[in-house]
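First the structure, in the form of structure tokens, and then the observations on it.
The values are calculated or read from the model by the stated rules, or taken from the named source; none is laboratory data. None of the values given here were measured: they were computed from a predicted structure. Positions of Cβ are backbone-derived with ideal geometry, glycine not excepted, and every protein chain shown enters the neighbour counts. Keep in mind that these areas ignore ligands, DNA and RNA; they rest on the heavy atoms of the full protein, side chains included. Shrake-Rupley method; radii C 1.70, N 1.55, O 1.52, S 1.80 Å.
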Amino acid sequence: MIDITIIGAGVMGAAVAYYLSRYNCQVVVLEKENDVAEGTSIANSGIVHSGHDPKPGTLKAKFNVEGNRMYPDLCAHLHVLFKQTGAFVVAVNEEEKQILQVLKEQALDRQIPCQEMDGEAARQIEPNLSDDVIWALSLPTTGVVDPWEITLGMMEEAVLNGCELRLNEKVVAITERPDFYEVTSENNGQISKLQTRYLINCTGVYGDDVYRLLEPELDFFITPRKGQYFVLDNTIAPLVGRPIYPVPSTVGKGILAIPSIHENVLLGPDSEEIKDKENVDTDRARLAFIRQALTKTVKNIPFDKIIRSFAGLRPTPSTGDFIIREEEKHPRFIQVSGIESPGLTAAPAIGKYIADEIIAAATKYGLKTNYQNRRKPLRLAGLSIDEKNKYVQADARFGRIICRCESVSEGEIIDCIHRPVGARTVKAVKKRARPGAGRCQGGFCEPRVVEILARELGISPMEVMFDSQRSPIFVGETKQAKGE
Ligand SMILES: Cc1cc2nc3c(=O)[nH]c(=O)nc-3n(C[C@H](O)[C@H](O)[C@H](O)COP(=O)(O)OP(=O)(O)OC[C@H]3O[C@@H](n4cnc5c(N)ncnc54)[C@H](O)[C@@H]3O)c2cc1C
């Protein structure tokens, strides 16, 4: 019998696993995809919001504010890149300026540092703010993080401390027994069953579908709400030094310019309710709308430096707020559903709340005495030449550059394959070490990444997948003699 099973390895599943891994209990994570952070957690703005805008009295407001305060120490502990950039919310007319006043009062009520300034003062700090901006609210505790890295960092430390991550396991049935749940999962047609005392639903846009496996009468549903983005090349001077928000609307925070932790600038997201929970296509009309909307707040946007576009799906709950509760009808079934924005920010606070205040408070699980800290990932970018040379002298593979755009060495790729939650696919390597994240988007380095994966994992290049189990890169050899 397993103590606790978490379904879903996005940032929420990872945060819950991370905080539970401090306790003496057995934790298993079931994830339907081939890697962590493959759902909403792979495609978002990467902003650690200050907590100024969720509605008062909501779980969003509570966990956003708490999560923002946890991020600096959490990222330092996990060796995850984090930058407290600050942010501006900007107004272009008197009506919007009034909204900034409301946001300011809300921020002050929550003890969030903030400062108002006029458009000129704001442009002194951010020269590419539009000339139409008349007023700005500065929020210095806003930050940026790599959403893949924080998810991976928490999961890696959880695994290092005994949590078991089972990838490619899609939960297809849940049966309630008197003292436990029986969970059925499927991996490539193979069925497995496990028994667990606690079951935690962290399945993003599938939160309602997974709960329906247990409970036919749901009091909520989840609608996927798509947001699309452009990404600017990181070889040009960043357009902005901090996220620039317009005043929020009824559907969210609006269209932003966001300096990512890797110095690309993201432009987006828009907001579109859709039906298909797998549809992350981008489309020309929506991207054109983003371009147009951005010119209201930011000028001099180098649209000729776009290197890609992408989309993510917000798991928007019908209740309007995060759904975080132990189900009364189903004891020990814990709902972590409808975690739309600011879910990335709130994740550590929610994970800690579930581990400490729901599970540890109701059980006798004590804290571990032999807890281990995750090893720092190898990251040569940003080191001095002398420091890089030390790595190269110790191991020549650190001098062999595989991705020229992002300057990623073979040594760093090998490291990310052999870590506790090691990369198994081309996209998993990209998420950890960034080959393929630059200007050429993998055009040059991808075949070499395939070679390294095949060699390090002891498999044929034909078996290397791009991301899911259904994404082979090669279908056959060329120049083979007929009949061979
Ligand atoms: C456009 C956009 C911008 C955003 N920007 C920000 C931001 O800047 N700051 C911020 O704080 N938040 C932001 N968010 C919100 C944030 O990204 C989400 O709140 C967060 O990623 C949700 O994480 P999750 O773990 O709940 O869901 P997911 O990351 O989707 O994880 C759910 C996991 O469950 C798995 N799963 C589903 N069904 C099953 C099953 N049957 N069996 C096994 N596994 C299953 C999925 O494969 C997936 O890996 C944004 C979201 C979007 C879409």
**Asked** Under a 1.4 Å probe, what is the accessible area of the chain per residue, stated in Å²?
**Response** 44 Å²
**Message:** If I take R0 = 41 Å and measure r between the Cβ atoms of Lys193 and Glu116 in this structure, what FRET efficiency does the formula 1/(1 + (r/R0)^6) give, to the nearest 0.05?
**Reply:** 0.10
**Per-residue ³J(HN,Hα) for the stretch 64-77, Karplus 6.51 cos²θ - 1.76 cosθ + 1.60, θ = phi - 60°, Hz, x for Gly and Pro** = 5, 4, 5, x, 4, 6, 7, 4, x, 6, 4, 5, 5, 5
**Message:** At a 4.7 angstrom Cβ threshold, list every cysteine in the chain that has nobody to pair with, or say none.
**Reply:** Cys25, Cys75, Cys114, Cys163, Cys202, Cys405, Cys416, Cys440
**Prompt:** Rounded to a whole number, what % of the accessible area of the stretch 304-387 do carbon and sulfur atoms account for, probe 1.4 Å?
**Reply:** 49 percent
**At 1.002 mPa s and 20 °C, Stokes diffusion of the stretch 385-463 via Kirkwood alpha-carbon radius, µm² per second** = 170 µm²/s
**Request:** Tabulate in residue order the Karplus-calculated ³J(HN,Hα) for the stretch 297-306, using 6.51 cos²θ - 1.76 cosθ + 1.60 with θ = phi - 60°, rounded to whole Hz; enter x for Gly and Pro.
**Result:** 10, 10, 10, 6, 6, x, 4, 7, 9, 6
**Request:** Sum -39500 (n - 2.57) across every DSSP H segment of at least 4 residues in the chain, then divide by the residue count to get the 222 nm mean residue ellipticity, nearest 500.
**Result:** -8500 deg cm²/dmol
**Prompt:** If you average over every viewing direction, what projected area does the convex hull of the Cα atoms of the stretch 277-411 give, in nm²?
**Reply:** 15.5 nm²
**Request:** Return the sequence-ordered ³J(HN,Hα) values of the stretch 236-245 in whole Hz as given by the Karplus equation 6.51 cos²θ - 1.76 cosθ + 1.60 applied to θ = phi - 60°, using x for Gly and Pro.
**Result:** 9, 4, x, 4, 9, x, 8, x, 10, 9
**Prompt:** Which residues' amide hydrogens lie under 5 Å from the amide hydrogen of Glu164, considering only partners 5 or more residues apart or on another chain, with H built in the peptide plane?
**Reply:** Val27, Val28, Val29
**Message:** Counting only protein heavy atoms and a 1.4 Å probe, tell me what percentage of the stretch 422-484's accessible area is made up of carbon and sulfur.
**Reply:** 52 percent
**Prompt:** If you take the charge dipole of the stretch 385-463 about its Cα centre, with +1 on Lys and Arg Cβ and -1 on Asp and Glu Cβ, which of Pro435, Ala454, His418 is farthest toward its positive end?
**Reply:** Pro435
**Prompt:** Given a cut-off of under 8 Å on Cα pairs at least six residues apart, what relative contact order in percent is computed for the chain?
**Reply:** 20 percent
**Request:** Go through 125-134, 302-311, 141-150, 388-397 and give me the packing order, highest mean Cβ count within 10 Å leading.
**Result:** 141-150, 125-134, 302-311, 388-397
**Message:** Past the 20 angstrom mark, what percentage of all C-alpha to C-alpha distances in the stretch 213-323 do you count?
**Reply:** 45 percent
**Prompt:** Principal axis lengths of the chain from Cα atoms, whole Å, largest first?
**Reply:** 64, 62, 46
**Request:** Find, among the chymotrypsin sites (Phe, Trp or Tyr not before Pro) in the stretch 184-225, those assigned to loop by DSSP (not H, G, I, E, B) with at most 11 other beta-carbon atoms within 10 angstrom.
**Result:** none
